[in-house]
Structures are given as structure tokens and as C-alpha cells.
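The values are calculated or read from the model by the stated rules, or taken from the named source; none is laboratory data. Since this is a predicted model, take the numbers as computed values, not measurements. Quick reminder, even Gly has a Cβ in these numbers, built from the backbone with ideal geometry, and neighbours come from all protein chains shown. In case anyone asks, the SASA skips ligands and DNA or RNA and just uses the protein heavy atoms, side chains included. Shrake-Rupley method; radii C 1.70, N 1.55, O 1.52, S 1.80 Å.
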Amino acid sequence: MVAGSDVYQCSYVVPSAAAAFVVGVSHVATRGVHHVLVFRTDLSSVPMGAGAAPVDCFAGSSSPMVHMRGELYGSQALFGSLDFPADVGLPVSAGEVLLVQVHFQNATATDIDANVSVTFTLAASGISTNAGVFFFDDPFIDVPAGAFGSASMSCLVPNDITLLTAASHDHARAQSVAAYIDPPGGPPAPIPFYSALDAANPLPLQASVPVAAGSRLRFVCKYANVDGTQEYLQGLDEQNDEMCVLSGAYYPPLPPDAETCALAPEDFGTGTADCATTWSCVSACAAGTAPPADLGLSTAPDVDPCWQRCVVASCPATSTPLFALVRCVQSNCAAECASLASDACVACQAAACPSESSACTGDPPCGG
């Protein structure tokens, strides 16, 4: 490893040629390895042309990180392990592809040899409880040029689960991430169960955490762009976009829409605008730019920049009435509301979505 270098390298890994269960992950690293992360992906086979040699993790649109769908394992120690509880395993299909990211960092003035070995412990049978991997990817981020910024999101946990791991993912402007377990029917939790520093320090969760049914996993990412001249919105490009992701392994499995936060996402805003103000803001966005009903969370978020700016500027509580109105309009007034500001849309909204419109109009100011 070259003196003074700081690189992220990714490798595709197929843990099993046959269907099996991952019941443990461990690694051993040498000096010069800052962290090791193992991600689940959306790949059922290694991409054509991808060789065995590691590649740059953040090589623009060709980055392997575009395939990540939740972190299974992570460590910043030179050796570590994760052992699932007895009878618990993460099912992997035959040939399923995982992604290993290694951050190599050599701050010395001399070259060093640096390497890491990752081992997957598998079971072919004997598993009574499946594990899962959740992947919460905030679709609304706006970090203005010359300023600080923040992004927020909360996701419903419909059943009792135990978190085995949790980790954040973001890009170069990130300063911190904090994640909270808000109890069902109670006030927001004041103390995070998980926190991390910048993008280079994801600091994986160190102990399992029970989460009661009806709780919400809420996380907040903070960014610094005070010296920057470019605005950063949500996206996969390490250099030109930002991300705010919370992911990890848990058991027993949740429904697929809960694993991606598509079930009942809330608390996107980090600003002060109420629902009526935010609706006026998104109504001024270009026709046909409204996000899909699931906000793209079941696949990969790709929300129009105008919508991102408007939603981030709103109060956290505005998300619930705002997107209830958006969904109602999309279901009942799709033809009339290609442009939300059109007279046809206003008329259809009033006729088809009176309760949702009233809830949005009556949304109290932040803190009200």
C-alpha cells in the first residue's frame, strides 16, 4: 500500500454455490485497514466483466456501491466477528452476491503491505428463524452550497425484532449520524441507540438491541458544506450527491416493504415549513415530477430536485399529511394533476381528497 494513500476498494463475493444460511461473519486485517463492511446486494450473479481483483468503490456510475441493499457486517477493528444466535440464519440463494468494502489508509511515509480476510460461516439446515437485512435510504436530502444541512427519516417496525447490526452510510460532506428507537405511542426518544461520525467512520453497532412492535427507527444525518460552492442532493454519486442510509441485520424477518421503509415513511423534513406551505412549494415543481407512491424506496430513490428541496425545508411532522395528500391525488386525480398547480388538479383535489386537503391545510406550524 503506497505511503500516504487513502482508498476504498470493493470486491464481489459469492458465499455459497447452493442455497444456505449465513450464521456468522468474521474478519482478520493487517495494519493499514481502517474498516471492513459487508453489504447485501441486488445481484444474483457477479456482473459481466467484474474480475476477482478489488475495484474502486466510488468510481462514479460504475461504482459497485450502487448495488448495496443493506449492511450485514462491519468493523473498524483489525479482527472481529458476528455470530447469529442459535437457530437464526440469513438465507442466501445459490450464487447470491455480497459486496465487501475495505477502507485502506496509510498515513505513514513508507509503503506497507495491507490486506484483509473475510470468512462467512454457513449452515445448510437447522435454522428455525430467518434473519433479514433492512435498508433505509432517505430520498430527500438538500445540502445547500456554503451552508450546513441535515436529513431525517423514520420507519415503522410493525413486529417485534432484535437488531443484530446497524450502520450508517453517507458521503464526504457528512459530519454525523444518529439513530433513535421511538416507542409506539410515545414521545421521540431523546438518546440515540446508534451514532456515527463522518463517512469514513461508520462505527457499526456493538450489541444487539430489541425493538418493540409499533416502534419507529428514526435517523438524522448532518452535513457540512460551508466552504462548498455546489449544492448536494440525494443520489449515488460519491462526488456529486449525498446519502443518508441506516441499514443492518435483524431477526425475525419483516415484510419486504418494512425492510425498505416503504410501509410508512415519515419525518423527512428538517426545516420549518408547514404542510400548506410545502404543498404550495411542490405544486410549483415541474409537471410530472412527483415521486411515486412508495417514494422509490422499494427500488432506489430518484426524487426530483425540486421536490427534495421542498420536503427537506418542511417540519418533520409535515410528512404525514403531505404524503397522504400526494397519494390521494395520485390515486384519484392522476390525469388532472400532472401539474399540481393546474385548475383541473385543484378542482379534482377538492372533490376527491377533502379530508387529506383539510389535514394538510390544518397542519400546525413547527412546534405548534
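Here are some notes:
- Residue that is farthest from Val38 (Cα to Cα), among those in the range 97-111 that are of a type outside the set (A, V, I, L, M) and open to solvent by less than 20 Å² (accessible area, probe 1.4 Å): Asn106
- Any chance Val7 is out of contact with any helix residue (DSSP H, G or I) (no Cβ under 8 Å at 6 or more places or on another chain) and open to solvent by less than 50 Å² (accessible area, probe 1.4 Å): no
- No other residue among Pro184, Pro210 is of a type outside the set (Lys, Arg), outside any strand (DSSP E or B) and out of contact with any Cys (no Cβ under 9 Å at 6 or more places or on another chain) apart from Pro184.
- Among residues that are at pLDDT below 90, at positive phi and either in a strand (DSSP E or B) or touching a His at 6+ places or on another chain (Cβ under 9 Å) (or both), Gly49 is not included.
- Contact annotation: residue pairs with Cβ atoms under 8 Å, 6 or more positions apart or on different chains, pairing a residue in the range 267-291 that is charged (D, E, K, R) with a partner that is open to solvent by less than 10 Å² (accessible area, probe 1.4 Å) and assigned to a helix (DSSP H, G or I), are Asp267/Ser319; Asp274/Thr318.
- Taking the range 174-198 as the range and being out of contact with any Pro (no Cβ under 7 Å at 6 or more places or on another chain) and crowded, with 22+ Cβ neighbours inside 10 Å as the test, the residues that pass are Ala174, Val177, Tyr194.
- Selection status of Asp56, touching a Ser or Thr at 6+ places or on another chain (Cβ under 9 Å), open to solvent by 30 Å² or more (accessible area, probe 1.4 Å) and free of Cβ contacts under 8 Å to residues at least 60 places away in the same chain: yes
- Being in contact with a strand residue (DSSP E or B) (Cβ under 9 Å, 6 or more places away or on another chain) and of a type in the set (Val, Ile, Thr) is a property that Thr318 has.
- Of note, Ala166 does not satisfy the criterion of being aliphatic (A, V, I, L, M), modelled with pLDDT of 95 or more and within 23 Å of Pro265 (Cα to Cα).
- Exactly one residue out of Thr162, Thr229 is outside any loop (DSSP other than H, G, I, E, B) and touching a residue at least 24 places away in the same chain (Cβ under 8 Å), and it is Thr162.
- Residues in the range 325-342 that are open to solvent by 80 Å² or more (accessible area, probe 1.4 Å) and under 19 Å from Cys281 (Cβ atoms): Arg327 alone.
- Note on the range 112-141: among residues that are out of contact with any strand residue (DSSP E or B) (no Cβ under 6 Å at 6 or more places or on another chain) and open to solvent by 40 Å² or more (accessible area, probe 1.4 Å), the one that is nearest to Gly248 (Cα to Cα) is Ser128.
- Yes/no for Ser16 being open to solvent by 60 Å² or more (accessible area, probe 1.4 Å) and under 26 Å from Pro91 (Cα atoms): no
- So Leu263, is it surrounded by fewer than 20 Cβ atoms within 10 Å (Cβ to Cβ) and within 15 Å of the chain's Cα centre (by Cα): yes
- Checking each residue in the range 19-46 for being part of a strand (DSSP E or B), open to solvent by less than 50 Å² (accessible area, probe 1.4 Å), under 21 Å from Leu78 (Cβ atoms) and of a type outside the set (Gly, Ala, Ser) picks out Val25, His27, Val33, His34, His35, Val36, Leu37, Val38, Phe39.
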